[in-house]
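Here's the structure we're looking at; comments come further down.
The values are calculated or read from the model by the stated rules, or taken from the named source; none is laboratory data. All of these numbers come straight from a predicted model, not from anything done at the bench. All Cβ positions, glycine included, derive from the backbone under ideal geometry; neighbour counts span all protein chains shown. The accessibility values were calculated without ligands, DNA or RNA, using every heavy atom of the protein model including side chains. Shrake-Rupley method; radii C 1.70, N 1.55, O 1.52, S 1.80 Å.
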Amino acid sequence: MADAEAPKLSLVAKLVVAFILVLIVAGIVWHGVSIPTFRRIWHDLVARPDAPMRFRFILQPLMAAFLAIRHGLNDARTGRSPYFWTMVGNPRKRAQRLNEGLNATARIIFLGLVMDAIYQVIVLGRLYPAEAVIVALLFAFIPYVIIRGPATRIARRWSRASPHQTS
């Protein structure tokens, strides 16, 4: 079955994208863009798994993986191409698939932004808005992008193998 027309971004996804843009601009205005800024971000990212609220490093990717598997199974059932490679290799369908991913993960990304902001204020004593965006996308959107395609491929292999099996 061919891919349908591009879905529109949901209101939640639009709000999350707008919030991300505001946080990026705020981060650049407050903290600038420099080598020491990138070193601090890297240091903070590496130090976080041992810090308080580390449950979010498990919770966010698990939620994204659950959605990715569910959508990957649906892609296999409807005959759609794998998610990531369609975004990379098919410019005509790139916006459509990106919108699907943003619609699917918008709430998880927002949750990640809020949890990271709370973490920063409590543990670091300061808010680094652009860093919160990096963490939220790294642990919410990236796992979704990585897992959805393989979920589609695995589901297709299982569906092809099942008619040959006898009960």
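Taking residues in the stretch 50-62 that are among the basic types (Lys, Arg), and partners anywhere that are loosely packed, with under 11 Cβ neighbours inside 10 Å and at pLDDT 75 or above, not one pair has Cβ atoms closer than 9 Å while being at least 6 places apart or on different chains.
Is it fair to say Leu73 is within 17 Å of Ala140 (Cα to Cα) and not aromatic (Phe, Trp, Tyr)?
On the way: within 17 Å of Ala140 (Cα to Cα): no; not aromatic (Phe, Trp, Tyr): yes.
No, not satisfied.
Just to be sure I understand, how many residues within the stretch 1-15 are modelled with pLDDT under 60 and either farther than 28 Å from Ala136 by Cβ or in contact with a Pro (Cβ under 7 Å, 6 or more places away or on another chain) (or both)?
Kept after step one, since they are modelled with pLDDT under 60, are these residues of the stretch 1-15: 1-4.
In the following step, the residues that additionally are either farther than 28 Å from Ala136 by Cβ or in contact with a Pro (Cβ under 7 Å, 6 or more places away or on another chain) (or both) were identified as 1-2, 4.
Of the residues in that region, 3 qualify.
Number of residues in the stretch 97-109 that are open to solvent by 10 Å² or more (accessible area, probe 1.4 Å) and either in contact with a Phe, Trp or Tyr (Cβ under 7 Å, 6 or more places away or on another chain) or of a type in the set (S, T, N, Q) (or both): the value is 3. Scanning the stretch 107-127 for residues that are touching a Lys or Arg at 6+ places or on another chain (Cβ under 8 Å) and not aliphatic (A, V, I, L, M) yields a total of 4.
Within the stretch 58-72, the residues that satisfy the criterion of being open to solvent by 70 Å² or more (accessible area, probe 1.4 Å) and within 15 Å of Ile146 (Cα to Cα) are Leu62, Phe66, Ile69, Arg70. Checking each residue in the stretch 24-57 for being assigned to a helix (DSSP H, G or I) and open to solvent by 100 Å² or more (accessible area, probe 1.4 Å) picks out Val29, Trp30, Ile35, Phe38, Arg39, Trp42, His43, Asp50.
Filtering the stretch 79-96 to residues that are open to solvent by 30 Å² or more (accessible area, probe 1.4 Å) and part of a helix (DSSP H, G or I) leaves Phe84, Trp85, Val88, Gly89, Pro91, Arg92, Lys93, Arg94, Ala95.
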